[in-house]
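Everything below concerns the one structure shown next.
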Amino acid sequence: MISVVIPAYNAGRFIRRTIDSVLGQTCADYEIIVVDDGSTDNTGEIVKSYGDKVRYIYQQNAGDGPARNTGISAAKGEWIAFIDHDDQWLPEKLAKQIALLESQPHLRWCATAYYQTNSIQRTTIGSSASIQKRLAGKMYIDNYFCNPADFHVLTSTVM
């Protein structure tokens with residue numbers, strides 16, 4: 001099982017879209033944990049409207065890192081995936097990552113490429129040519145830390 005941790009602070013404008021993108025995953029073996037980091041808007045009401053589909057935890061405002069740690073502490077899954085309250089995933093994100101991690105048991109984490117979007121365009125972050133060159137036909141890079149300048153890891157892509 002994958003535990004999806006969503007730190008949220010005054011996320012009422014975005015949280016429904018984010019949760020819906022998780023609920024729309026092709027992989028079905030996950031739980032969703034939203035850690036409300038002291039919101040003063042309607043974040044809690046929106047999250048609670050999902051009922052048993054989402055576990056809601058409230059804490060005093062401490063920031064994204066402590067909210068993620070609270071979510072990790074509550075997690076029941078073998079894997080942890082993060083998504084920020086204003087991001088969304090493509091439907092096969094979890095399935096593709098879990099397939100990679102299960103096929104390569106020596107891997108401890110993975111991350112994906114991502115897009116930045118606005119109402120007009122979608123832009124891939126990072127140089128596709130550089131990433132393909134580093135991958136050299138493989139599904140993963142042996143040592144991300146040897147030359148991280150080619151890549152930018154966004155928290156919402158990490159499992």
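The values are calculated or read from the model by the stated rules, or taken from the named source; none is laboratory data. Remember, predicted model here, so these are calculated numbers, not experimental data. Areas reflect the complete protein model, heavy atoms only, side chains present, ligands, DNA and RNA absent. Shrake-Rupley method; radii C 1.70, N 1.55, O 1.52, S 1.80 Å.
In straight-distance terms, cross-link reach from residue 48 covers every one of the aspartates and glutamates whose alpha-carbon lies under 13 Å from its own, apart from those fewer than eight places away in the same chain; here that gives 36.
Taking all protein chains into account, the per residue accessible area for segment 16-77 stands at 52 Å² (1.4 Å probe). Based on C-alpha pairs under 8 angstrom that are at least 6 apart in sequence, segment 9-98 has a relative contact order of 43 percent.
An oblate overall shape is assigned to segment 1-81, the ratio a/c of its alpha-carbon gyration tensor axes (a ≥ b ≥ c) being 1.5 or greater and a/b not exceeding b/c.
Given 0.36 nm per residue, what is the gain on full extension from residue 107 to residue 40 after removing their alpha carbon distance, in nm? Please report the intermediate quantities before stating the final value.
On the way: separation 67, 0.36 × 67 = 24.12 nm, distance 3.93 nm.
Length gained, residue 107 through residue 40: 20.2 nm.
Counting only protein heavy atoms and a 1.4 Å probe, tell me what percentage of segment 1-97's accessible area is made up of carbon and sulfur. Before the final figure, lay out each step's value.
Numbers: 2260 of 4720 Å².
Reported share for carbon and sulfur atoms: 48 percent.
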